[in-house]
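Just below is one structure, and these are the notes that go with it.
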Amino acid sequence: MGQDYNPTGWSTFGPAAIDKVLKMSCPQLIHSANYQTAPMSNCHGITVFTSELFYPYYYTEIEDIFSAPTEDFHLEGPYGYHMWDFVTHNISIHKDTVYEIVAGAFCPTIHDTYRDEFCVVV
(Lines give C-alpha, C1' and ligand atoms only; values in the text may rest on other atoms or scores of the structure.)
Protein backbone atom coordinates (compact mmCIF):
# COMPACT_ATOMS: atom_id res chain seq x y z
CA MET A 1 0.00 0.00 0.00
CA GLY A 2 2.95 2.31 0.60
CA GLN A 3 3.70 2.60 -3.10
CA ASP A 4 0.13 3.83 -3.70
CA TYR A 5 0.09 6.40 -0.89
CA ASN A 6 -0.96 9.86 -2.02
CA PRO A 7 -1.22 12.38 0.86
CA THR A 8 -3.32 14.78 -1.23
CA GLY A 9 -5.55 12.22 -2.93
CA TRP A 10 -9.30 12.14 -2.51
CA SER A 11 -10.28 9.61 0.23
CA THR A 12 -6.68 8.41 0.68
CA PHE A 13 -6.97 8.25 4.48
CA GLY A 14 -10.47 6.83 4.75
CA PRO A 15 -12.71 4.84 2.46
CA ALA A 16 -10.13 4.13 -0.26
CA ALA A 17 -7.57 2.80 2.24
CA ILE A 18 -10.09 0.60 4.05
CA ASP A 19 -11.56 -0.57 0.75
CA LYS A 20 -8.14 -1.64 -0.52
CA VAL A 21 -7.28 -3.58 2.66
CA LEU A 22 -10.66 -5.32 2.74
CA LYS A 23 -10.41 -6.29 -0.93
CA MET A 24 -6.99 -7.85 -0.27
CA SER A 25 -8.21 -9.65 2.88
CA CYS A 26 -11.67 -10.52 1.58
CA PRO A 27 -11.60 -11.13 -2.17
CA GLN A 28 -15.26 -12.20 -2.07
CA LEU A 29 -16.12 -8.49 -1.73
CA ILE A 30 -14.87 -7.86 -5.25
CA HIS A 31 -17.24 -10.48 -6.64
CA SER A 32 -20.32 -9.50 -4.64
CA ALA A 33 -22.99 -7.85 -6.79
CA ASN A 34 -24.38 -5.86 -3.84
CA TYR A 35 -21.05 -5.03 -2.20
CA GLN A 36 -21.78 -1.31 -1.85
CA THR A 37 -25.50 -1.55 -1.08
CA ALA A 38 -25.90 -4.41 1.42
CA PRO A 39 -23.96 -5.19 4.61
CA MET A 40 -21.64 -8.18 4.51
CA SER A 41 -20.39 -10.03 7.60
CA ASN A 42 -18.52 -13.02 6.25
CA CYS A 43 -15.07 -11.45 6.13
CA HIS A 44 -12.89 -12.71 9.02
CA GLY A 45 -15.54 -11.62 11.51
CA ILE A 46 -15.67 -8.09 10.08
CA THR A 47 -19.00 -6.59 9.12
CA VAL A 48 -18.90 -4.18 6.21
CA PHE A 49 -21.81 -1.74 6.29
CA THR A 50 -23.22 0.35 3.48
CA SER A 51 -22.00 3.89 2.92
CA GLU A 52 -25.35 5.42 3.91
CA LEU A 53 -24.54 4.64 7.55
CA PHE A 54 -21.44 6.86 7.45
CA TYR A 55 -22.20 9.50 4.88
CA PRO A 56 -25.91 9.70 4.24
CA TYR A 57 -25.27 12.74 2.04
CA TYR A 58 -22.95 12.12 -0.88
CA TYR A 59 -20.62 14.95 -1.95
CA THR A 60 -22.94 15.74 -4.86
CA GLU A 61 -25.70 16.47 -2.31
CA ILE A 62 -23.80 19.15 -0.39
CA GLU A 63 -26.59 21.68 -0.76
CA ASP A 64 -28.83 19.34 1.27
CA ILE A 65 -26.40 19.42 4.22
CA PHE A 66 -26.55 23.22 4.33
CA SER A 67 -30.33 23.40 3.93
CA ALA A 68 -33.27 22.74 6.23
CA PRO A 69 -33.87 19.01 6.63
CA THR A 70 -36.51 17.29 4.55
CA GLU A 71 -39.11 14.98 6.04
CA ASP A 72 -36.94 11.93 5.29
CA PHE A 73 -34.10 13.24 7.51
CA HIS A 74 -33.48 10.92 10.48
CA LEU A 75 -30.77 12.08 12.85
CA GLU A 76 -30.43 8.69 14.55
CA GLY A 77 -30.21 6.56 11.38
CA PRO A 78 -26.55 6.83 10.39
CA TYR A 79 -23.56 5.96 12.59
CA GLY A 80 -21.81 9.11 11.45
CA TYR A 81 -22.09 12.11 9.19
CA HIS A 82 -19.30 12.92 6.77
CA MET A 83 -19.45 16.64 5.94
CA TRP A 84 -17.08 16.63 2.96
CA ASP A 85 -14.77 19.34 4.32
CA PHE A 86 -12.62 19.20 1.19
CA VAL A 87 -15.46 20.81 -0.76
CA THR A 88 -17.46 22.49 2.04
CA HIS A 89 -14.78 24.18 4.16
CA ASN A 90 -15.75 27.69 3.08
CA ILE A 91 -19.56 27.34 3.15
CA SER A 92 -21.37 29.18 5.97
CA ILE A 93 -23.38 27.10 8.40
CA HIS A 94 -26.80 28.48 9.32
CA LYS A 95 -29.33 27.74 12.02
CA ASP A 96 -31.84 24.92 11.47
CA THR A 97 -29.87 23.28 8.68
CA VAL A 98 -28.88 19.62 8.64
CA TYR A 99 -25.29 20.60 9.47
CA GLU A 100 -26.31 22.70 12.48
CA ILE A 101 -28.70 20.03 13.78
CA VAL A 102 -26.08 17.28 13.46
CA ALA A 103 -23.43 19.47 15.12
CA GLY A 104 -25.78 20.28 18.01
CA ALA A 105 -26.62 16.62 18.55
CA PHE A 106 -23.19 15.01 18.18
CA CYS A 107 -20.72 17.82 18.90
CA PRO A 108 -22.45 19.89 21.59
CA THR A 109 -19.27 21.46 22.99
CA ILE A 110 -18.13 22.71 19.59
CA HIS A 111 -21.68 23.73 18.71
CA ASP A 112 -22.04 25.74 21.92
CA THR A 113 -18.55 27.24 21.66
CA TYR A 114 -19.20 28.46 18.11
CA ARG A 115 -22.90 29.26 18.50
CA ASP A 116 -22.39 32.67 16.84
CA GLU A 117 -21.04 30.96 13.73
CA PHE A 118 -24.10 28.68 13.79
CA CYS A 119 -26.36 31.73 14.24
CA VAL A 120 -27.79 30.17 17.41
CA VAL A 121 -29.22 32.46 20.05
CA VAL A 122 -29.22 31.14 23.62
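Tabulated values for the structure
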quantity	calculated
Members of segment 68-97 that are of a type in the set (Gly, Ala, Ser) and farther than 16 Å from ASP116 by Cα	ALA68, GLY77, GLY80
Residue that is nearest to the chain's Cα centre (by Cα), among those in segment 80-122 that are aromatic (Phe, Trp, Tyr) and surrounded by 13 or more Cβ atoms within 10 Å (Cβ to Cβ)	TYR81
Matching residues in segment 8-26 - criterion: being at pLDDT 70 or above and assigned to a loop (DSSP other than H, G, I, E, B)	THR8, CYS26
Residue list for segment 58-72, filter: in a loop (DSSP other than H, G, I, E, B) and at pLDDT 90 or above	PHE66, SER67, ALA68, PRO69, THR70
Number of the condition not met by SER92 [criteria: (1) in contact with a helix residue (DSSP H, G or I) (Cβ under 9 Å, 6 or more places away or on another chain); (2) outside any helix (DSSP H, G or I)]	(1)
Enumeration of residues in segment 27-55 that are of a type in the set (Val, Ile, Thr), within 30 Å of VAL98 (Cα to Cα) and modelled with pLDDT under 70	THR37
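The values are calculated or read from the model by the stated rules, or taken from the named source; none is laboratory data. None of these values were measured; they are calculated from a predicted model. Don't worry about glycine lacking a Cβ; one is built from the backbone with ideal geometry, like all the others, and counts go over all protein chains shown.
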